[in-house]
Structure formats: C-alpha cells, structure tokens
Amino acid sequence: MRHWLIKSEPDAYSIDDLQRDGREPWDGIRNYQARNFMRDEMSVGDRVLFYHSQVKPPAVVGVAEVAGDPYPDPTAFDPDSPYHDPKSDPDDPRWILVDMAYVGHLQRPVPLPEIKEDAKLEGIMVARRSRLSIQPVDKKHYDRIIKLGGGIVHR
DNA sequence: GCCAACGTTGGC
DNA sequence: GCCAACGTTGGC
C-alpha cells in the first residue's frame, strides 16, 4: 500500500464535504504528474492525507482512501464545467481520476508550520512549497502525521 | 495582496 | 526543440 497527500481548498471542497458525501470523484486535476499518480500508481485502499490549502494555517485535517479504479474525468468533456478541456477527446481521454472515500478526521489538524519544524518529517514534499496537488508520502511520514494529529477519529 | 515557483503555450 | 511570455498555485 502506498500513501499520498491531496490538497484541497476548503472553500471549494473540504474534509467535511467529503465526510458528508462519503465518496467523491477527485475531478478537475489538470496537471500531468498528478494525473499519472492517479492513473498509474494509486491502488484501491491506499491511504491519503487530506490537506487544506489557501487557509491560515494550511494543515492536514483528515484521511481519505482511494475508493476505486481510475477512469476518465467526466468534467473534461462538459462544456459547462470550469474544468472543461476541449482538447480531451472522449476516445482518448487526457484526464484520468480516481474516487476518494472519507476515512476520518484527525483529532486535531497538523498545521504546515509544525510539519516544517518536525525533524521526523524532514523531506516531506508539502514542506517544500511544492505546488503539486497530489503528492506521494513515505509511510514513515504518513504515520508521523497521524501521530501528530492524535489519530484518526470519526465524527 | 504580493510574489516566488513552476508548468504550459506558442512563436521562431 | 528552445525559450520567453504567460497563467496558476499557494505560502506568506
């Protein structure tokens, strides 16, 4: 099993939204590296840190899991979607996604400044100002974040 | 709101 | 195929 981190702006889609929905297609990803992770490297059941960006402070707030196999992102074909991409041909889809399912909240959020200061989290991608919205996370870093967050709780 | 980082586009 | 211009992300 691999571990990941996904970023979301809570104003657009928060961990509470994922809890309410239970399962959600992770659509709108328009970065090739992030797409490749979903298409080629994620497996059902992989655990995913859910990170809130664009808030003060940014923080890991919960955990999701990969809920299904990859398939074409339908929003790419929808002219009314903000994610519409006319260059994505339905016969050769450019954008691929997986569904994410809610696992739980962290007992308390782990803010970015704390991630940066923690010696055991040295090298974690999100501390390096990476703009990638889907990032692989080492198991030891994943475990450390869960520990700093006081464990996973179901609200 | 600023701006650094960085991915994408398009002219040549 | 290079690279300047441009657009977006996202911390601060």
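Each value in this text was obtained by applying a stated rule to the coordinates, not by laboratory testing. Small disclaimer: the values here were computed from a predicted structure and weren't measured. Methodologically, a virtual Cβ is constructed for each residue, glycine included, from the backbone with ideal geometry; neighbour enumeration extends over all protein chains shown.
Residues that are closer than 11 Å to residue A:95 by Cα and β-branched (Val, Ile, Thr) within region A:17-45 comprise just one, A:29. Say we look at region A:113-126 and pick out the residues that are surrounded by 16 or more Cβ atoms within 10 Å (Cβ to Cβ) and under 15 Å from the mean Cα position of the chain (by Cα); which of these is farthest from residue A:26 (Cα to Cα)? Ranking the qualifying residues of region A:113-126, first place goes to A:124. Selection of region A:116-143 for residues being free of Cβ contacts under 8 Å to residues at least 12 places away in the same chain, in a helix (DSSP H, G or I) and within 14 Å of DNA strand B (Cβ to nearest atom) yields only A:128. Evaluating residue A:102 against the criteria (1) in contact with a helix residue (DSSP H, G or I) (Cβ under 8 Å, 6 or more places away or on another chain); (2) closer than 17 Å to residue A:148 by Cα; (3) in a strand (DSSP E or B) leaves one unmet condition, (2). For region A:29-46, taking the residues that are more than 13 Å from DNA strand C (Cβ to nearest atom) and buried (at least 16 other Cβ atoms within 10 Å of the Cβ), the one that is farthest from residue A:87 (Cα to Cα) is identified as A:46. Applying the condition of being touching a residue at least 12 places away in the same chain (Cβ under 8 Å) and not aliphatic (A, V, I, L, M) to region A:56-71 and asking which residue is surrounded by the most Cβ atoms within 10 Å (Cβ to Cβ) yields A:62. In region A:73-84, the residues that are free of Cβ contacts under 8 Å to residues at least 24 places away in the same chain reach residues that are aromatic (Phe, Trp, Tyr) with C-beta atoms within less than 6 angstrom, at least six apart or across chains, in these pairs: A:76/A:95. Residues in region A:42-63: is at least one farther than 25 Å from residue A:154 by Cβ and either within 16 Å of DNA strand B (Cβ to nearest atom) or of a type outside the set (A, V, I, L, M, F, W, C) (or both)? Yes: one or more hits.
For region A:1-96, the strands (runs of 3 or more DSSP E) that sit wholly inside it and include 3 or more residues that are farther than 18 Å from residue A:135 by Cβ and either within 14 Å of the chain's Cα centre (by Cα) or not hydrophobic (A, V, I, L, M, F, W, C) (or both) are A:23-25. When you scan region A:65-77, do you find a residue that is in contact with a helix residue (DSSP H, G or I) (Cβ under 9 Å, 6 or more places away or on another chain) and either closer than 19 Å to residue A:139 by Cα or within 16 Å of DNA strand C (Cβ to nearest atom) (or both), even just one? Yes, because at least one residue in region A:65-77 is in contact with a helix residue (DSSP H, G or I) (Cβ under 9 Å, 6 or more places away or on another chain) and either closer than 19 Å to residue A:139 by Cα or within 16 Å of DNA strand C (Cβ to nearest atom) (or both).
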